[in-house]
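A short reminder: the numbers here are calculations on the coordinates, not readings from a lab. Just so it is clear, the structure is predicted and the values come from calculations on it, not from any experiment. Ideal geometry is used to build each Cβ from the backbone, glycine not excepted, and the neighbour counts take in all protein chains shown.
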């Protein structure tokens, strides 16, 4: 919708303060990077990046200079004369990014750009994109299903749920002041205790009863290295898991089957839930 | 063992159905040497027939290529109510006997036909002349470009086209710079098949042309005319020319085609 490839049923799209709702995609100045690269298969890397400039009938020398600059920016100089089919997924996606940047878009749209790549390449590209963004400084809309990716890259995050925006805010706001249970459990795991929502690492386990604590039995303990997960069966009903460091776990001397009391002082209650 | 059996069956079938008749044609044409065959295909009537076939092909093929690409784009990219019907109709010429097509044109454009009376009152002659022969040839060779291009268009999807659009390309630029390069080999192959089919068309043209020797006689009609007049060498020699034309078309295609695995 931002790129103009889909029509909104209602509402408006404004880009740099101008109404772009009725504008054709080619007039919006939006750079689009697709999940599956959408590389022009019959053109070389250089041809792909130059496409938008050639369409705009820029002088040949200028096109060449700009493409060289972009090739350097996305670190694809050695591959300039290759075809997309001769590149790896990560390289193709960097080419697609350079192609979108070539026309100096007002907005850059990245639609799950790393979705088709394996985890390690994803991580590398994420770091690289972060640095690139510091250099290029163009408003970027990054669509992802990966919360960590969103938290690591974004200044502002809009959490969508079933087609509606649940909350917009900085990563920190979303984490510290989530407005709905969905947002809370989306930007970091959360557990429900009665009508209260709490982060697992905020659960406080005690061996003695205390006011306001929930009684529970330890079902399973998993040591994951630095931290540990403790699965609890609540006396009322339901299960939750608590997170703590292994050091804390050792101090509590918890064992399977032990009865504990769970304190959730830092829990949140959501209205209308 | 099984491989050998498969090969024998496939090649044996090809030899029986395809190579046998074709080699007989060549053998009979040159039975009495190269000279008689050469003079048989260089008579004014023969030359005219070949020229007419080439002229008809030169009009029908480009027309069907443009229509075929448009039609494929319509079917794949711009679905509309009745798309399925169009899709089915495109194949009709493959199923319908060309003779039936010829008669249909005859009924439409004949002196008492729907369009015929209007056209003849304006001095335009369709039947027994080039226009009807082009129509007949175009009709029978419609499906090839469409059938070649549709699956390729489906396969490439719309991602590249959308990307080109966001980069500022107009619809025409998207087609010329992105869509067409992606489908060009399908188009080329469709053109080859269309050409081959147009060169060889007999049934529909035979009905609408009137078969006037030296006037509306195409190469295929000329072959049958020679045969019926017991001019065996003339018939076979003209057949050889037709076969050579088809072979040249197919070879050109294979030479133009990019080597496997370039892209």
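Numerical summary
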{"quantity": "Whether the range A:14-154 is rounded, prolate or oblate, judged on the alpha carbon gyration tensor where a/c under 1.5 counts as rounded", "calculated": "oblate"}
{"quantity": "DSSP bridge pairs, the protein assembly as shown: antiparallel proportion in percent, nearest 5", "calculated": "80"}
{"quantity": "Alpha-carbon centroids, the range A:37-97 and the range B:186-263: separation in whole Å", "calculated": "45"}
{"quantity": "Global geometry of chain B, whether rounded, prolate or oblate, following the gyration tensor of its Cα atoms and the 1.5 cut on a/c", "calculated": "oblate"}
{"quantity": "Footprinting exposure proxy for A:114, B:180 (fewest neighbouring C-beta atoms within 10 Å first)", "calculated": "B:180, A:114"}
{"quantity": "FRET efficiency for residue A:86 and residue A:192, using Cβ-Cβ distance with R0 set to 41 Å, rounded to 0.05", "calculated": "0.20"}
{"quantity": "Label-point separation in nm, residue B:24 to residue B:77, each point 7 Å along Cα→Cβ", "calculated": "4.8"}
{"quantity": "Mean separation of Cα contacts under 8 Å (6+ apart) over length of chain B, as relative contact order %", "calculated": "31"}
{"quantity": "Förster radius 25 Å - calculated FRET efficiency between residue B:251 and residue B:14, Cβ distance, rounded to 0.05", "calculated": "0.85"}
{"quantity": "Shape call, the range B:1-87: gyration tensor on alpha carbons, a/c limit 1.5", "calculated": "oblate"}
{"quantity": "Computed helical MRE - 222 nm, chain A, DSSP H runs ≥ 4 contributing -39500 (n - 2.57), nearest 500", "calculated": "-9000 deg cm²/dmol"}
{"quantity": "Order of A:43, A:95, B:1 under a 10 Å beta carbon neighbour criterion, fewest first", "calculated": "B:1, A:43, A:95"}
{"quantity": "Likely footprinting exposure, A:227, B:201, A:104, fewest C-beta neighbours within 10 Å first", "calculated": "A:104, A:227, B:201"}
{"quantity": "Net lengthening on full extension, residue A:161/residue A:148 (0.36 nm per residue, minus Cα-Cα)", "calculated": "3.0 nm"}
{"quantity": "Projected label distance in nm at residue A:210 and residue B:47, using a 7 Å step from Cα toward the beta-carbon", "calculated": "11.1"}
